[in-house]
Amino acid sequence: MIDDPPIIRFSTMEIPDPHREEMVKEAVGRAFLNVEFTPLADSLHMETETRLLPGITVTDARVAPHRLETCRDPSRESDDFVLLWSPSPARGFAEQFGQVVHADGSTALMSCADRAFCETHETFHHVTVKLQRSVLLPLLPNAEAALMKLVPADNEALRLLTSYLASHRQLMNTEAARTPLFAQTVANHITDLVALAVGTNTDATELASERGLRAARLDAVKRWILARLGSPELNLESAAKAFGLSPRSIQILFTVEGTTFTGFVLRERLALAHRRLSMPLLAQRTVSEIAFSCGFGDLGYFNRSFRKMYGETPSDVRHRSVFARRH
């Protein structure tokens, strides 16, 4: 079964200024979030995108300066957990149980069942991950003891979680993201990384590392590769150095997925070359120029690999693109 990815988006752009503040306070603050929302700027702007996953919601938001206090209506309290942070340093903070976490890239696990207070003094991107208690407790049975314990910005699991969520957001409109299996797999990985960031018990650490940490590391390595496909310096050793891992550790990440580091790089370079050969705007560039710009140093190897993958030559793709543009 394939469904549309469950996403809730909200924007104040289409709401007239005279009604904007009251709409946000009532519809978003009191009705949807069960919080008291107070704008701290003359002009209120809010852009949010919430992704619904099994047992988890992930929200990316950009909101003008504001103050927020939770648990306005005690009858609607939940016992879920929340992780809230800004990927980049900003002026803001969150407070619960007398403990404060600043918007400097760090975070802490918070309880939805207890009063919390947040305040921001500039518009910035922040991420909220809300997890049902039943999802997190199997990996973090001592979650209550971990509440408001600082998770620094340089925590590896937190950094990987931020990167993993960004990748998932880019994939939301793909066919793969429309399947229940994909959603559950992503939810598992997010839960693993949250548990590792906050601190798991010994028994759960192995499972969380096996699923979430490995998946997020592989995702981070892939993103690093895709940003450097045109570089002749792209190789296993440079990737290992960039991530502080051994070349064998990087290779194992790809082996578990059924491929190799070299195989992934080759496939993505060929895909990039195919896209560029099909682009009318690049019709004046020769096949060899495009091959070299995609990281290939040997034109013969590029032609053989291209034909093996696509069943046609680079020139075939170029000619078809030019023909289509003329007709």
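The values are calculated or read from the model by the stated rules, or taken from the named source; none is laboratory data. Keep in mind that what you see is a predicted model, and the values were worked out from it rather than measured. As a convention, Cβ positions derive from the backbone with ideal geometry for all residues, glycine included, and neighbour counts pool all protein chains shown.
Quick look at the values:
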quantity	calculated
Residue in segment 65-80 that is among the small types (Gly, Ala, Ser), at pLDDT 90 or above and not in a helix (DSSP H, G or I) present	no
Residue in segment 15-34 that is modelled with pLDDT under 90 and in contact with a Cys (Cβ under 9 Å, 6 or more places away or on another chain) present	yes
Residues that are within 18 Å of Pro232 (Cα to Cα) and under 23 Å from the mean Cα position of the chain (by Cα), drawn from segment 247-266	Phe261, Phe264, Val265
Only one of Gly92, Gly98, Gly55 that is among the small types (Gly, Ala, Ser) and more than 25 Å from the chain's Cα centre (by Cα)	Gly98
Subset of segment 232-267 that is closer than 18 Å to Gly300 by Cα and touching a residue at least 12 places away in the same chain (Cβ under 8 Å) - its residue that is surrounded by the most Cβ atoms within 10 Å (Cβ to Cβ)	Val265
Answer residue from segment 109-152, given it is part of a loop (DSSP other than H, G, I, E, B), touching a residue at least 12 places away in the same chain (Cβ under 8 Å) and among the hydrophobic types (A, V, I, L, M, F, W, C) and is surrounded by the most Cβ atoms within 10 Å (Cβ to Cβ) among those	Leu140
Number of the exception - Ser106 against (1) touching a Pro at 6+ places or on another chain (Cβ under 7 Å); (2) within 18 Å of Glu49 (Cα to Cα); (3) among the small types (Gly, Ala, Ser); (4) surrounded by fewer than 18 Cβ atoms within 10 Å (Cβ to Cβ)	(2)
Subset of segment 7-48 that is in a loop (DSSP other than H, G, I, E, B) and polar (S, T, N, Q) - its residue that is farthest from Arg62 (Cα to Cα)	Asn34
Filtered residues of segment 153-192 (kept if acidic (Asp, Glu) and either within 21 Å of Val101 (Cα to Cα) or in contact (Cβ under 8 Å) with a residue 60 or more places away in the chain (or both))	Asp154, Glu156, Glu175
Residues that are touching a Leu at 6+ places or on another chain (Cβ under 9 Å) and under 10 Å from Pro314 (Cβ atoms), drawn from segment 277-302	Val287, Ser288, Ile290, Ala291, Phe302
Of the criteria (1) surrounded by 14 or more Cβ atoms within 10 Å (Cβ to Cβ); (2) hydrophobic (A, V, I, L, M, F, W, C); (3) in a helix (DSSP H, G or I), which one Leu84 fails	(3)
